[in-house]
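The values are calculated or read from the model by the stated rules, or taken from the named source; none is laboratory data. For clarity, every value in this text was computed on a predicted model and none was experimentally measured. Heads up, the Cβs are rebuilt from the backbone with ideal geometry, glycines too, and the neighbour counts pull from every protein chain shown. Keep in mind that these areas ignore ligands, DNA and RNA; they rest on the heavy atoms of the full protein, side chains included. Shrake-Rupley method; radii C 1.70, N 1.55, O 1.52, S 1.80 Å.
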Amino acid sequence: MQSCEISSDSTDDPLSSGLRRHGQPRIVVIGAGLAGLAAAKTLLENGFTNVTVLEASDRIGGRVQSVQFGKATLELGATWIHGANGNPIYHLAEDSGLLEQTTEEERSVGRISLYTRNGVAHYQTNSGQRIPKDLVEEFSDLYNEVYELTQEFFQNGKPVGAESKNSVGIFTRDLVRKKITLDPDDSESTKKLKLSMLQQYLKVESCESSSPSMDEVSLSEFGEWTEIPGAHHIIPGGFIRVVELLAQGLPGHVLRLGKAVRRVHWNYSSQEAEGEDNGPRRADHNQERRWVAPVRVECEDGEWLAAEHVVVTASLGVLKKAHEGLFSPGLPRDKAQAVEKLGISTTDKIFLEFAEPFWSTECNSIQFVWEDEAQLESPAYPGELWYRKVCSFDVLYPPERYGHVLSGWICGDEALHMERCDDETVAETCAELLRKFTGNQNIPKPRRILRSSWGSNPYIRGSYSFTRVGSSGGDVERLAEPLPYARSSKAPPLQVLFAGEATHRKYYSTTHGALLSGQREANRLIELYHDLFNAETTKPNMSN
């Protein structure tokens, strides 16, 4: 891994020499997830030494959280490296030997299954019957055909019909239902089964999108999300190893845990700061006045940090909840609207460990198909029926590594309700679901349970972002735009920068999107100072 030590042999580089000559700008990074750590690492590697990372929680990683569960490492958050070809997370993991123990079963090219291996998904109905494999394949082909159509609106500029209300869920449900209903070869009972499977597929899709329902996902924007080619990989030692690689070169004083931020004061007047020791000052050559430390970061514990620049990597969920109080002055109206329009919801995992497997060796997942939901519109359940949103349980392979563990998936408001239940209730409810759908009343209560709670985590408030109906990639760009806007020429530039998966237009919702966004914002600062110091070194000598 490249060292974060500052090289002393780059005297001809205007950035390095300028940083030495003028003193270091103070840069505060808020959040020690992938975006924040990538920003800090990039800055340190490019000669910036006055960098502080503030992390509200007591751990690094953000939405990466690997947990020891017996001998196994389970992922409560990010699980896969999505695609290998050109993916910076993949190359970091591969170059560092993190994928050496990854098995063939832990490499997946599947799209619809949340976990996959070379095996068969068992689609079970609430009457305990398994849906025949050929019927599942028939339906899957039909669904995937319609899924491909959802990509065309953005990718090919296809106009969106009013009847779809610009919703992926409404478009998909209406078109798949029409195709099923008009199929002359299927019996009424087969059609009903396929219509029930449609609801289950949309629940899985909602978990993948981290949306409460696919009805909330924008059809016109759906195809902008870009998949990196290549297989998805699981890191056996835990995704946290990637986080640790990014943090590995950070000097001890840079990272401050348990340091929640109350407010970011930007465009902070230098008059208010008079009499303070503001550290290095820079002349603004475009104006007669001098400016100093235009940002103050106010922490929950009462400490204030002065800075030239702050990189905010808070999740979209936190920004939605707190942006009005988090920034002073408040965000510009168009940026606040982008925060409000873009979507984020909760996708949670429920891990259940059993002493022995009750599933067959070729079973890779148990998918829950409720036959009484065939004609429902987008399913939304009262709190006590939260378990109806559990779409499936996937088998973790290989058992030599994980033991006999199933991973369940739930999203939306129902996930939040699950988070409020105790472990005992969730374990017994899930065991009862498995008994009901497999028809096996002898399934014991799980030995252990482990589950995520991303929705109720006050420093996260959701799993990852999606483009909600009424929002667009333009909102992602607005969210990512630094403050003050460039047109505000009198103010010091790049006071508040924004990173995190929700700020990456093509790769939102991914770990590589988060990492790249952190590097992007660091590079804005690197270019700012490079241009500033380069201009100084090329100024004509007027003394002769």
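Test of understanding: extend the Cα→C-beta vector of ASN144 to 7 Å, then name every residue of segment 355-371 with backbone N under 17 Å from that spot. Flagged as within label range: 364-365.
Estimated from helices alone, the mean residue ellipticity of the chain at 222 nm is -10500 deg cm²/dmol (sum of -39500 (n - 2.57) over DSSP H runs with n ≥ 4, per residue). The length gained by stretching the chain between ASN534 and ASP372 to full extension, at 0.36 nm per residue less their Cα-Cα distance, is 51.4 nm. The mean sequence distance of close C-alpha pairs (under 8 Å, at least 6 residues apart), as a share of the length of segment 382-510, puts its relative contact order at 15 percent.
If you take the beta carbon distance between ARG20 and GLN151 as r and set R0 to 51 Å, what does 1/(1 + (r/R0)^6) give as a FRET efficiency, to the nearest 0.05? For ARG20 and GLN151, the calculated efficiency is 0.50.
Could you please state how large a percent of the accessible area of the chain is carbon and sulfur, counting protein chains only and using a 1.4 Å probe? C and S fraction of accessible area: 48 percent. Is the shape of the chain best called rounded, prolate or oblate, per the rule: a/c under 1.5 gives rounded, else a/b larger than b/c gives prolate, else oblate, with a ≥ b ≥ c the square roots of the Cα gyration tensor eigenvalues? Judged from the Cα gyration tensor, the chain comes out prolate (a/c at least 1.5, a/b above b/c). Basic side chains Lys and Arg get +1 at the Cβ, acidic Asp and Glu get -1 at the Cβ, and with that the dipole of the chain about its Cα centre reaches some 980 debye.
Here ARG296 sits with roughly 10 square angstrom of accessible surface, probe radius 1.4 Å.
Using +1 at the C-beta of Lys and Arg and -1 at the C-beta of Asp and Glu, which of LEU331, PRO379, ASN364 has the Cα lying farthest in the positive direction of the dipole of segment 330-400? Positive-end residue among those listed: LEU331. Given the pairs LYS133/LYS389; LYS158/LYS192; LYS165/LYS506, which span a C-alpha to C-alpha distance of over 26 angstrom in this model? Listed pairs above 26 Å: LYS158/LYS192.
For segment 445-502, the residue among SER453, GLY474, ALA491 whose Cα projects farthest onto the positive side of the dipole built from Cβ charges is SER453.
Each Lys and Arg Cβ is given +1 and each Asp and Glu Cβ -1; about its Cα centre, segment 327-438 then shows a dipole of about 520 debye.
This model, with +1 at the C-beta of Lys and Arg and -1 at the C-beta of Asp and Glu, gives segment 367-411 a dipole about its Cα centre of some 220 debye. Other residues within the sphere of radius under 15 Å centred on the Cβ of LEU245, judged by their own Cβ, net out at -3 (K and R +1, D and E -1). When the surface is traced with a 1.4 Å probe over the full set of protein chains, LEU99 keeps roughly 10 Å² accessible.
Per residue, the chain exposes 42 Å² of accessible surface when a 1.4 Å probe is rolled over the protein heavy atoms with every protein chain present. Go ahead and run the numbers for FRET between HIS91 and GLU424, Cβ-Cβ distance against an R0 of 45 Å, rounding to 0.05. Efficiency at R0 = 45 Å is approximately 0.55. Placing unit charges on each Cβ (+1 for Lys and Arg, -1 for Asp and Glu) gives the chain a dipole about its Cα centre, and among VAL120, GLY249, THR346 the Cα reaching farthest toward its positive end belongs to GLY249.
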